[in-house]
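Below is one structure, written out as structure tokens; the observations come after it.
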Amino acid sequence: MAPFQPSERAARGAPRVAAVVVDPYSSGKYLLVELEKRGVPIIAVRSSTKLSEQFLRSHKVNEKFFAAFVDYEEIGESLDKLAEAIKGMPYVVGGVFAGSEPGVELAERLGVKLGMPTSNGLEKLEQRKDKAEMQDALRANGVPAAEQFKSGDLDRLVEWAEARNEWPLVAKPTRGAGSDGVSFCSDVKDLRAAYRKIIGVRN
């Protein structure tokens with residue numbers, strides 16, 4: 001599959017201001033639908049093929065929305081090459097969006113690389129990817145947030161949970177979409193099981 005694949009939509013002279021959507025999977029389809037309604041050509045970027053079958057299937061289904069497509073892996077996972085490939089297309093990029101959770105980091109970095117005036121910058125990138133960091137950012141700005149403890153060490157997690165002694169607890173990975181890896185724990189046994197379910201699993 002070539003990095004740039006113009007569709008009939010582009011060939012018919014679609015508007016030159018386009019939107020880049022990274023990993024337009026799952027509920028990201030609604031973003032595609034809305035952009036199409038507004039007549040905005042969509043440049044789709046796939047960050048990885050090492051994703052769940054559900055995401056990969058939705059990519060195939062959503063291809064009908066794409067005016068152009070770039071596969072990040074096929075260009076060597078180089079942000080510079082990705083930016084150059086997009087700049088070489090017959091569009092002016094009006095915005096860069098993450099279409100789903102897996103695309104957040106690449107979308108943020110690409111927006112900065114392309115000089116988007118509405119990019120978030122990279123200083124607080126972790127707060128937009130890591131669920132524990134998100135909660136910490138809320139607290140730092142005076143917004144009530146869930147009490148939490150983040151660790152990859154099971155003994156430390158159990159120690160915190162037993163000291164707190166308020167059940168149930170929610171165990172969840174720091175990253176991931178929807179309810180992937182989320183468990184409700186009624187006791188330490190459940191917490192240990194949730195740990196085994198989360199650690200070392202690609203979400």
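Residue-wise test of (1) assigned by TED's automatic domain parsing to the domain that holds Asp180; (2) of a type outside the set (Val, Ile, Thr).
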| residue | (1), (2) |
| --- | --- |
| Ile86 | no, no |
| Gly94 | no, yes |
| Ser151 | yes, yes |
| Leu154 | yes, yes |
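Which one of the conditions (1) in contact with a Pro (Cβ under 9 Å, 6 or more places away or on another chain); (2) surrounded by 12 or more Cβ atoms within 10 Å (Cβ to Cβ) does Ser183 fail to meet, given that it meets all the rest?
Condition not satisfied by Ser183: (1).
Taking the residues in region 180-203 that are among the charged types (D, E, K, R) and modelled with pLDDT under 90 as candidates, determine which candidate is nearest to Asp153 (Cα to Cα).
Arg202
Name the one entry in Ala145, Ala163, Ala140 that is over 23 Å from Ser52 (Cα atoms), touching a Leu at 6+ places or on another chain (Cβ under 6 Å) and either touching a residue at least 24 places away in the same chain (Cβ under 8 Å) or not acidic (Asp, Glu) (or both).
Just one listed residue meets the conditions, Ala145.
Scan region 95-141 residue by residue and report those that are among the β-branched types (Val, Ile, Thr) and farther than 21 Å from Arg16 by Cβ. Break it down stepwise before answering.
Within region 95-141, the subset among the β-branched types (Val, Ile, Thr) is 96, 104, 112, 118.
Correct list: Val104, Val112.
Have a look at Lys64, Lys50 and point out the one that is over 30 Å from Val201 (Cα atoms) and out of contact with any helix residue (DSSP H, G or I) (no Cβ under 8 Å at 6 or more places or on another chain).
From the options Lys64, Lys50, the qualifying one is Lys64.
When only residues in region 10-47 that are of a type outside the set (Val, Ile, Thr) and in contact with an Asp or Glu (Cβ under 9 Å, 6 or more places away or on another chain) count, which is modelled with the highest pLDDT?
The selected residue is Ala44.
Testing Ser179 on (1) outside any loop (DSSP other than H, G, I, E, B); (2) not assigned by TED's automatic domain parsing to the domain that holds Phe66, one condition comes back false. Which one is that?
(1)
The values are calculated or read from the model by the stated rules, or taken from the named source; none is laboratory data. Quick caveat: nothing in here was measured; it's all calculated off a predicted structure. Cβ: placed from backbone, ideal geometry, glycine included. Neighbour counts: every protein chain shown.
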